[in-house]
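Here the structure is laid out as structure tokens; the discussion comes afterwards.
The values are calculated or read from the model by the stated rules, or taken from the named source; none is laboratory data. Computed from a predicted structure; not experimentally measured. No Cβ is skipped: glycine too gets one built from the backbone with ideal geometry, and neighbour counts run over all protein chains shown.
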Amino acid sequence: MDKEKKIGVWLDHHHAHFIELNGNDAITQTIESGYTRHEREEGEGATGSRFGQHSTNNENNKNNRLQNELKGYYKLISDRLAGYDHVLLFGPTTAKNELHNYIKELKTFSNKKIEVKNSDKLTENQLKAAVREHFSKE
């Protein structure tokens with residue numbers, strides 16, 4: 001009988017921490033999203049105008065760029081999760097739900113068990129304990 005491969009992913013829009021249980025060990029890896037909110041430069045208005053000069057850097061373009069950055073981040077995570085049978089997504093922001101919506105559209109995940117839970121920010125030891133506890137209940 002093959003053993004089900006399980007992993008927990010704590011994520012927000014900036015980091016994803018993968019916690020894989022391997023017997024009594026918990027192996028962790030982290031990836032960064034590259035997601036950056038637009039920081040206004042001094043003198044820049046809400047639409048990207050700066051000191052009276054108007055540019056085309058409007059809110060819609062900024063939003064599209066940020067959405068593309070997040071989509072790339074979610075693709076990177078989903079590629080990493082493709083080899084697992086049971087996935088726990090948890091974290092403090094809406095990123096876990098956005099990732100869940102992204103991966104449930106992929107055929108790769110049609111036969112996999114995906115769970116989503118809310119969580120606060122946790123230390124590495126707390127992350128490992130949370131994943132162990134979640135999967136020990138089964």
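Can you run down the residue pairs with Cβ atoms below 8 Å, 6 or more apart or on separate chains, where the first is in region 63-84 and more than 21 Å from residue 109 (Cβ to Cβ) and the partner is of a type in the set (D, E, K, R)?
66/37
What's the number of the condition residue 32 fails, among (1) within 12 Å of the chain's Cα centre (by Cα); (2) modelled with pLDDT of 90 or more?
Only one criterion in (1) within 12 Å of the chain's Cα centre (by Cα); (2) modelled with pLDDT of 90 or more is unmet by residue 32, namely (2).
Anything in region 15-27 that is surrounded by fewer than 16 Cβ atoms within 10 Å (Cβ to Cβ) and of a type outside the set (Gly, Ala, Ser)? List them, or say none.
Answer for region 15-27, where residues must be surrounded by fewer than 16 Cβ atoms within 10 Å (Cβ to Cβ) and of a type outside the set (Gly, Ala, Ser): 15, 22, 24, 25, 27.
What is the number of the single condition among (1) surrounded by 11 or more Cβ atoms within 10 Å (Cβ to Cβ); (2) under 18 Å from residue 27 (Cα atoms); (3) small (Gly, Ala, Ser) that residue 119 does not meet?
(2)
Going by the structure shown, is residue 106 modelled with pLDDT under 95, among the aliphatic types (A, V, I, L, M) and surrounded by 12 or more Cβ atoms within 10 Å (Cβ to Cβ)?
yes
Six or more apart or on different chains, Cβ atoms under 9 Å: show the pairs whose first residue is in region 114-138 and over 21 Å from residue 97 (Cα atoms) and free of Cβ contacts under 8 Å to residues at least 24 places away in the same chain and whose second is hydrophobic (A, V, I, L, M, F, W, C) and assigned to a strand (DSSP E or B).
Cβ pairs passing all conditions: 129/26.
Does residue 99 satisfy being within 17 Å of the chain's Cα centre (by Cα) and not in a loop (DSSP other than H, G, I, E, B)?
Yes.
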